[in-house]
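*Asks:* Got a structure here, written out as structure tokens. Questions coming.
The values are calculated or read from the model by the stated rules, or taken from the named source; none is laboratory data. Because the structure is predicted, anything quoted here is derived from the model rather than measured. We place every Cβ from the backbone using ideal geometry, glycine too, and count neighbours over all the protein chains shown. These accessible areas exclude ligands, DNA and RNA; they are computed on the full protein's heavy atoms, side chains included. Shrake-Rupley method; radii C 1.70, N 1.55, O 1.52, S 1.80 Å.
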Amino acid sequence: MAARLLLFIACLLVASCGGGSPPPASAQERPVEIKSSSQPFKIDEPDATRIGRLIWRGGIAMTANSPHFGGWSDLHVSADGRSLTSISDEGAWLTATIDYDSKGNLAGLSGGRIGQLRGLDGKLIESKAEADAEGMARLADGSWLVAFERRHRLWRYGTLTDTPLPVEGPAEIARQPANGGIEALTALPDGRVIALSEEYGQRPGTVMGWIGTPAAGGAYLWRSFDYATLPDFRPTAITRLPDGSFATLERAFDMVRGVRCRVMRFDAAQLAPDATVRAEELARLASPYAVDNLEGMAATKGARGETLLWLISDDNFNPLQRNILLLFELAP
């Protein structure tokens with residue numbers, strides 16, 4: 001276990017220093033074969049099925065026959081739980097069909113397709129500075145709102161193969177650290193969008209979030225709120241739960257303890273301009289439980305009406321890290 005932990009910390013250190021990068025994108029869209037291997041929930045306790053308020057519903061480690069497969073930074077799962085869409089911090093997008101076992105637990109992905117996002121000029125994005133997509137939201141009209149880091153901005157894509165349109169972001173968007181911008185993004189049925197900065201905040205112990213209300217011409221009127229954090233933990237994803245409340249994913253890393261992630265929840269009533277959101281912890285994932293650099297989250301309803309939470313990781317294109325997809329059921 002000690003050797004495994006040291007190896008995992010080493011691989012994250014490599015990632016923090018830049019990791020690897022795939023070759024520049026050269027094709028817009030193509031099939032991709034995704035190979036899935038079962039991801040154990042708890043390495044030292046094979047029969048474990050629960051942590052906090054989360055019940056294990058399966059997990060997979062994923063590889064594929066494409067150098068652009070990896071870096072998955074956010075996640076969307078269709079309401080029927082049949083299809084997955086993800087984006088990469090190298091500007092790639094992925095779609096796939098979700099496969100289940102006889103118990104309705106996650107078994108794998110099939111029918112994958114992969115492509116590269118386009119820039120405002122209609123050309124495929126190639127440079128890391130332009131391609132660092134970190135957050136995505138499916139809008140009511142079926143289009144996608146994508147948040148980028150490094151050069152902080154929001155772009156709207158009609159489909160992920162289209163040329164995007166720029167969307168004016170919050171006034172504070174350019175003040176965010178280069179690698180600490182909007183990673184958490186979701187859309188509400190009434191057309192509003194919710195965004196959280198990973199690192200930028202104006203008050204101690206908080207990061208800034210924004211509520212975007214639709215305005216004329218596809219624009220948004222932005223109002224800010226604060227999101228309370230613990231030391232070291234920063235939000236990487238947000239999703240609306242079927243009951244109207246919200247779940248967030250928070251990540252921390254240091255050389256001694258490695259990566260840790262908190263799965264959080266807060267009521268919709270907390271979400272208001274100038275308010276401070278204080279989320280409750282549902283579970284904390286750390287070794288020996290299934291964990292990696294988790295950055296994406298989605299929520300759906302299961303066949304029994306249960307709430308399902310999906311988590312995906314960014315491997316930083318580091319061969320010592322993994323792309324994993326985890327499925328949990330939220331206990332009542």
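*Asks:* Would you mind getting the Kirkwood hydrodynamic radius of segment 97-187 from its Cα pairs, rounded to one decimal in Å?
*Replies:* Every distinct Cα pair counted, the radius reaches 14.7 Å.
*Asks:* Further, regarding this structure: Per the Debye formula with a single identical scatterer at each Cα and no solvent contribution, what log10 I(q)/I(0) holds for segment 181-225 at q = 0.13, 0.23, 0.29 Å⁻¹?
*Replies:* Calculated log10 I(q)/I(0) at the listed q: -0.30, -0.78, -1.02.
*Asks:* While we're looking at this one, here's another question. Could you work out the Kirkwood radius for segment 77-126, taking every pair of different alpha carbons, averaging 1/r and inverting it, reported in Å?
*Replies:* 12.3
*Asks:* Give me the three principal axis extents of the chain from the C-alpha atoms, as integers in angstrom, largest value leading.
*Replies:* Answer, in whole Å and largest first: 54, 45, 41 Å.
*Asks:* Let me ask something else. Looking at segment 23-105, what % of the alpha carbon pairs are farther apart than 16 Å?
*Replies:* Cα-Cα pairs of segment 23-105 separated by over 16 Å account for 63 percent.
*Asks:* Which one of Met62, Met255, Met208 has the biggest mean-square fluctuation once the chain is modelled by GNM with Cα springs under 10 Å?
*Replies:* Top of the fluctuation ranking is Met255.
*Asks:* I'd like the accessible area for Ile194, computed on protein heavy atoms only with a 1.4 Å probe and all protein chains in place. Round to 10 Å², please.
*Replies:* Around 0 Å² of this residue is reachable by solvent.
*Asks:* To check my understanding: the extent here is largest minus smallest coordinate of the Cα atoms along each principal axis. What are those three numbers for segment 37-166, in Å, largest first?
*Replies:* Principal extents (Cα only, largest first): 52, 30, 29 Å.
*Asks:* So what are the radius of gyration and Dmax for the Cα set of segment 249-332, in Å?
*Replies:* 14.6, 43
*Asks:* Under unit Cβ charges (Lys, Arg +1; Asp, Glu -1), what dipole magnitude, rounded to 20 debye, does segment 126-245 have relative to its Cα centre?
*Replies:* 200
*Asks:* Also: Give the average over all directions of the projected area of the C-alpha convex hull of segment 154-275, one decimal, in nm².
*Replies:* So the mean shadow area of the Cα hull is 8.8 nm².
*Asks:* Can you list the lysines whose alpha carbon sits under 24 Å from that of Lys103, skipping same-chain ones fewer than 8 residues off?
*Replies:* Lys35, Lys42, Lys301
*Asks:* Rounded to the nearest 20 Debye, what is the dipole magnitude of the chain about its Cα centre when Lys and Arg each give +1 and Asp and Glu each give -1 at the C-beta?
*Replies:* Taking the Cα centre of the chain as origin, the dipole is about 260 debye.
*Asks:* Hey, can you find the accessible area per residue of the chain for me, probe 1.4 Å, expressed in square angstrom?
*Replies:* 41
*Asks:* If contacts are Cα pairs under 8 angstrom and at least 6 residues apart, what is the relative contact order of the chain in percent?
*Replies:* The normalised contact order for the chain reaches 19 percent.
*Asks:* A follow-up question, please. Treating only the Cβ atoms of Lys and Arg (+1) and Asp and Glu (-1) as charged, compute the dipole magnitude of segment 239-326 about its Cα centre; round to the nearest 20 debye.
*Replies:* Details: 11 positive and 12 negative charges, 41 e Å.
Computed about the Cα centre, the dipole is about 200 debye.
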